[in-house]
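Everything below concerns the one structure shown next.
The values are calculated or read from the model by the stated rules, or taken from the named source; none is laboratory data. Treat the numbers as computed from the prediction; the structure is a model and nothing was measured. Cβ: placed from backbone, ideal geometry, glycine included. Neighbour counts: every protein chain shown. Areas reflect the complete protein model, heavy atoms only, side chains present, ligands, DNA and RNA absent. Shrake-Rupley method; radii C 1.70, N 1.55, O 1.52, S 1.80 Å.
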Amino acid sequence: MKKLLTVMMMSAMLLPVSAQVKLWSKTIDKVVKEMTLEEKASLLVGFKFGESYTGLPTNSASQGNAIVPGAAGFTAKIDRFGIPHTVLADGPAGLRINPQRDNDPNTYYCTGFPIGTLLASTWNTDLVYQVGQAMGNEVLEYGCDVLLGPGMNLMRHPLCGRNFEYYSEDPFLVGYTAAAMINGIQSNGVGVSAKHFAANNQETNRLHNNSVIGQRVLRELYLKGFEIAVRKSQPWTIMSSYNYLNGKWTHENKELLTTILRDEWGFKGIVMTDWTGTRHTADQVAAGNDLLEPGNAEQIKQIIEGATNGSINMNDIDRNVRRILEYIVKTPHFRGYQFSNKPDLKAHAAIARKAAPEGMVLLKNDGVLPIRQVQDTLPHVALFGVSSYHFFAGGTGSGDVHKPYVVDLKEGLANAGFKMDQIITDVYEKYKDYGLLELEAEMGIYRGSSFHPRPRMKEPQLGQNVYRFAAEKNDMAIVTIGRSSGEVEDRKFSDFTINPDEKAMLAAVCHEFHKLNKKVIVILNVGGVIETSLLSEMADAILLAWQPGMEGGNAIADVLTGKTYPSGKLSVTFPVKLEDVPATKNFPKDYTIWTERDMSKARKATFPCFAETIYEEDLNVGYRYFQTENKPVSFPFGFGMGYTTFEYSNASVKKKGNDYVATVMVKNTGSYAGKEVVQLYISAPKGTLKKPAYELKAYAKTRELQPGESQLLEMTFSNYDLASYDEIQQAWVTDGGQYTAHFAASAADLRQHATFNAKQQVVKCHNVLPYRRLPR
Ligand code: BGC
């Protein structure tokens, strides 16, 4: 025995001290095995510079700044394994970091791209991919690892304060746009965080509100966009939302984050929370919410204690840690990428300018546009509306980007060669300064705050004589109506309507210009849906420019002059009145931000109440409602005019393997070169479930077609895409029988039809996330 011991001791002395294992893709399991509990816990919680974590080295706050100032979050580093910090920054209209740094003469501006709604309105996934590529390049070159976007929540109601960050009222358009964006961003070897998962469709009381949704509607509308994006682009990360969903916070809901997201859809990345404080840490870990952001010391302590007392399963911790390590080995920080801090902002501005006009939607055009040069000069223009000068390039909050400049409409028109009425312009410029001063006095914090929604300035009334004078001196009037919104607050009901000041100004301008047979063009510089019936009555042309990013003014001028063809189509319905929207009944009409204490009171209150939002309208969202019920709208989903006309012919649907291929010939029958978006809506045969009259399943856009030129468009969809969610079978069910495909210029303009037969298909799912209200 003694001899054996001696031999063992000797051989142990001869063995080299085993080298510290370092992280790389093949050593993940080993690293997990060697990590202490403290190290594991620290990796599951966002890293806060300046906070001291039990048993781990302290870092000073300035080190956070040394990484990327202004980034929203970090993951922890563990030197002994070679695990670096990684950096997470907002999203989604471009990269959001601080433009200036202490004791540093350099600047770190990022491109302000058009808002998400505009990008979806391009219906051009190649272009969205290019925008993503450029955005992702800034993430890479500014030393970040993940862009916190795209925003993918469905536009359930026009007044959601963050709709500008989102894409559409239709889940297929959301899913395809998001997949293109994600693939574009991730082509740089950086990640995204697709957000906010799920059913985060309002800002009011967003931290506590319970979205109460039936299983079918949840699957078909609010989860479908995420499902498509996960299947088509495999985002590196997904951000769980702030709200409750059917009685449980999304970030601690295993059914959502594991059963549906991973088991059913095959998601492989990590889930992180939205930026909240401590919630139920143990439940979050168990649910598969791998990373708690922005993170705090208490959460680390809770994980350590939970593992020690058994309330958190060690296997769950290891599983989440493994997933975080799988994420880390992909990141630029891990790969040691030498970032330049010098992305090509000029090239990216050109992409922003190229994308913006494609998503602008021409709503009305009584022979005014495009504005042509007369003897080499463009017409003289009187530019009205405070938003022409106080321009909204994007929304506010975390979705705002620190951009190097914003080309407002005045500047854009001047760059294009328009001569503007100097007196009118001077009056507005002075008024803008005065208006800003007034706002600042009123609100205290206006200037320089990019988080607070930028308030609208009261529209000044210049007086009938001034309008008359302007009409005599100029060839036409351009009037901008603007709206801004942002995180934390929903838009107010009065934000939807044209207010009395705007109405009075527009009426006076139209009166004087029309008297002299001169035209009035309205530009909508908005982040979301507004009332347009009054504008349609008064104006000769309406261009919905959305919030078009930092090149916005130039892009609008490109469309007005016809330099770029306006090929955008609405990604959301423009209703006549808010009362027409079924979800209005259950959309909060009170804007107070509630505390936990208020909440317990509210839960006992009667409905409608914004402690809970009951999605009582079911599938009656957007065109699914308006078209099925044949209700009038101001502008239907998918609508958009151009400067030419298109004819559709030879529509057909053929089976190809497991997919269907729909084709249609599109011919430019007008006299202007342009692009056309064709939307494919499908009507299902009568089955057991009641369905909308038809639903979007695919779409395609032509290249720029010259007058007389044609292009055959091809659109693919699968049998599974045709399915509806049957709560009784807990399955996606495609009814067998004859379907009709409608090839459409908008949801209200179905041009060609083709029938095809589909086989019955049942894809079983888990019976999860049942409709549930909060206990009272
Ligand atoms: C927002 C997220 C954002 C995060 C980090 C949260 O308040 O809801 O969209 O990514 O902050 O800034």
Multiplying the sequence separation of Thr276 and Thr36 by 0.36 nm and subtracting their Cα-Cα distance, what value in nm do you get?
83.8 nm
Per residue accessible area of region 100-171, 1.4 Å probe, in Å²:
21
Too-long pairs where the Cα-Cα distance tops 31 Å, listed order kept, from Lys77/Lys354; Lys342/Lys410; Lys675/Lys764
Lys77/Lys354; Lys675/Lys764
Tell me which trypsin sites (Lys or Arg not before Pro) from region 375-448 have a DSSP coil assignment and no more than 11 other beta carbons within 10 Å of their own.
Arg447
What FRET efficiency would be calculated for the residue pair Leu437, Glu616, taking the C-beta separation as r and a Förster radius of 51 Å, to the nearest 0.05?
0.70
For Glu264, Glu255, give the ranking by accessible area with the largest first, probe 1.4 Å.
Glu255, Glu264
Give the angle, between 0 and 90 degrees and rounded to the nearest 10, that separates the Cα long axis of helix 345-359 from the longest principal axis of the Cα atoms of the chain.
60
Phi-based couplings in Hz for region 714-723 (Karplus 6.51, -1.76, 1.60; Gly and Pro marked x):
10, 10, 10, 8, 10, 4, 5, 4, 7, 6
Using the charge dipole of the chain (Lys, Arg: +1 at Cβ; Asp, Glu: -1 at Cβ; taken about the Cα centre), state which of Tyr699, Leu378, Phe469 has its Cα farthest towards the positive end.
Tyr699
Estimated FRET transfer efficiency (Ser710, Lys346; beta-carbon r; R0 45 Å; 0.05)
0.80
When DSSP assigns beta bridges and you keep just the ones with both residues in region 197-344, what percent turn out antiparallel, to the nearest 5?
20
Zone of Arg231 (label point 7 Å along Cα→Cβ, backbone N under 16 Å): which residues in region 724-746?
724-726, 731-735
Integer Hz, Karplus 6.51/-1.76/1.60 couplings in order for region 318-331, x for Gly and Pro
4, 4, 5, 4, 4, 5, 5, 5, 4, 5, 4, 5, 8, 6
Area accessible to solvent at Thr281, 1.4 Å probe radius, in Å²
10
Taking amide H atoms as placed 1.01 Å from N in the peptide plane, list the residues 5 or more away in sequence, or in a different chain, whose amide H sits under 5 Å from that of Gly486.
Thr396
Cross-link partners of Lys654 among aspartates and glutamates (Cα-Cα below 12 Å; sequence separation of 8 or more within a chain)
Glu714
How high is the FRET efficiency between Thr377 and Asp426 when r is their beta carbon distance and R₀ equals 30 Å, given to the nearest 0.05?
0.90
Report Ser649's accessible area, 1.4 Å probe, all protein chains in place, as a number in Å² to the nearest 10.
40
Per the Kirkwood formula over distinct C-alpha pairs, the hydrodynamic radius of the chain in angstrom is 27.6
Okay, which of region 383-400 sit inside 18 Å, backbone N to the point 7 Å along the Cα-Cβ direction of Ala504?
384-387
Just to be sure I understand the model, the point goes 7 Å from the Cα along the line to the Cβ. What's the resulting Val329 to Asn106 distance in nm?
3.1
Counting only protein heavy atoms with a 1.4 Å probe and every protein chain in place, the carbon and sulfur fraction of the accessible surface of the chain in whole percent equals 53
Those aspartates and glutamates that a straight Cα-Cα span of less than 13 Å connects to Lys503, excepting residues fewer than 8 apart in one chain:
Glu459, Glu531, Glu537
Selected from Ile97, Asn309, Gln627, residue furthest toward positive end of dipole (the chain; charges at beta carbon):
Asn309
What is the distance in Å between the Cα centroid of region 640-659 and that of region 322-336?
43
Computed over region 192-291, protein heavy atoms only, probe 1.4 angstrom, the accessible area per residue in square angstrom equals 19
What is the magnitude of the charge dipole of region 115-271 about its Cα centre, with +1 placed on the Cβ of each Lys and Arg, -1 on the Cβ of each Asp and Glu, and no other charges, expressed in debye to the nearest 20?
400
For Tyr108, the residues 5 or more places away or on another chain with a placed amide H closer than 5 Å to its own amide H are Gln100
Percent antiparallel among DSSP beta bridges confined to the chain, rounded to 5, stands at 60
Karplus-derived 3J(HN,Hα) from phi for region 219-232 (6.51 cos²θ - 1.76 cosθ + 1.60, θ = phi - 60°), whole Hz, x at Gly and Pro, runs 5, 6, 10, 7, 9, 4, x, 5, 4, 4, 5, 5, 5, 9
Segments 756-763, 214-221 sorted - mean Cβ within 10 Å per residue, highest first:
214-221, 756-763
Distance between Cα centroids, region 454-485 to region 86-151: provide it in whole Å.
34
